[in-house]
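These notes concern the structure reproduced below.
The values are calculated or read from the model by the stated rules, or taken from the named source; none is laboratory data. These numbers were taken from a predicted model, which means no experiment stands behind them. Cβ atoms come from the backbone with ideal geometry, glycine included; neighbour counts cover every protein chain shown. What goes into the accessible areas is simple: the full protein's heavy atoms, side chains included, and nothing from ligands, DNA or RNA. Shrake-Rupley method; radii C 1.70, N 1.55, O 1.52, S 1.80 Å.
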Amino acid sequence: GAGVSQSPSNKVTEKGKDVELRCDPISGHTALYWYRQSLGQGLEFLIYFQGNSAPDKSGLPSDRFSAERTGGSVSTLTIQRTQQEDSAVYLCASSGGLNQPQHFGDGTRLSIL
Amino acid sequence: EDQVTQSPEALRLQEGESSSLNCSYTVSGLRGLFWYRQDPGKGPEFLFTLYSAGEEKEKERLKATLTKKESFLHITAPKPEDSATYLCAVPPPQGGSEKLVFGKGTKLTVNP
């Protein structure tokens, strides 16, 4: 596609459930990033992929969070046993190389009841 | 310690009233400074990359400039459609991750 695509756009789930968020990067982009944006907070880095490897996963807030990327393309962010503090907009971005701009999708708005 | 600080947090302008937004950074060995625009309910939209002090980039009513300590986003004769949150971001120093560290943004409102 022309841009970064994320699904679902909105997700409401109950506390304790697992959720999967999907990101389709721009075709040909080797780098993929996940960020989180909470109300009133800035964008918070979660994890970075180069190809299928994750050289930097330092932003994952707990072991309930994991992510994978397959075929150097689609990525999935999984949150297990969701908590209310996980409510946020989860944004995915991709870029074409070192120091190149990151292009963002419109995010998944996650609400934990 | 915050690496990127944006000011003001919010700015209200009348249509046609020019102003500037500030982004100061503390990271050494700058590998680029990125400006984004974010509309409500949308992801950040890339505007500019600046790589070295003295560099300037322009797009319509926006001009971004860079010094060794800060960047400015100048808005000339703004229109209501320029209303958005403007974000700046930098990558960590060389050898670090390719992630971006974002400021908290300036929410710009342009009244007709």
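Among the residues of the range A:91-113, the ones that are facing chain B (nearest Cβ under 8 Å), over 17 Å from the mean Cα position of the chain (by Cα) and aliphatic (A, V, I, L, M) come to 1 in all.
Which members of the range B:74-103 meet the condition of being within 11 Å of chain A (Cβ to nearest Cβ), in contact with a strand residue (DSSP E or B) (Cβ under 6 Å, 6 or more places away or on another chain) and open to solvent by 40 Å² or more (accessible area, probe 1.4 Å)? Within the range B:74-103, B:Lys99 is the sole residue that qualifies. B:Ala64 falls short on exactly one of the conditions (1) surrounded by fewer than 18 Cβ atoms within 10 Å (Cβ to Cβ); (2) within 27 Å of A:Gly96 (Cβ to Cβ), and that condition is (1). Mind checking whether some residue in the range A:53-76 is away from chain B (no Cβ under 14 Å) and among the hydrophobic types (A, V, I, L, M, F, W, C)? Yes. Comparison of B:Ser20, B:Ser71, B:Ser24 shows that the only residue that is more than 14 Å from every other protein chain (Cβ to nearest Cβ), outside any loop (DSSP other than H, G, I, E, B) and open to solvent by less than 30 Å² (accessible area, probe 1.4 Å) is B:Ser71.
One residue stands out among those in the range A:61-75 that are closer than 14 Å to A:Cys92 by Cα and not hydroxyl-bearing (Ser, Thr, Tyr): the one that is least open to solvent (accessible area, probe 1.4 Å), which is A:Arg69. A:Leu32 fulfils the conditions (1) surrounded by fewer than 19 Cβ atoms within 10 Å (Cβ to Cβ); (2) touching a residue at least 60 places away in the same chain (Cβ under 8 Å) except for a single criterion, (1). Taking (1) touching a strand residue (DSSP E or B) at 6+ places or on another chain (Cβ under 9 Å); (2) within 10 Å of another protein chain (Cβ to nearest Cβ); (3) without any contact (Cβ under 8 Å) to a residue 40 or more places away in the chain in turn, A:Gly40 satisfies each apart from (1). Filtering the range B:39-68 to residues that are modelled with pLDDT of 95 or more, within 14 Å of chain A (Cβ to nearest Cβ) and over 29 Å from A:Cys92 (Cβ atoms) leaves nothing. When A:Pro55 is tested against the conditions (1) in a loop (DSSP other than H, G, I, E, B); (2) farther than 14 Å from A:Gln37 by Cβ; (3) open to solvent by 40 Å² or more (accessible area, probe 1.4 Å), the lone failure is (1). Is it true that A:Thr82 is touching a residue at least 60 places away in the same chain (Cβ under 8 Å), part of a loop (DSSP other than H, G, I, E, B) and more than 14 Å from chain B (Cβ to nearest Cβ)? Criteria met by A:Thr82.
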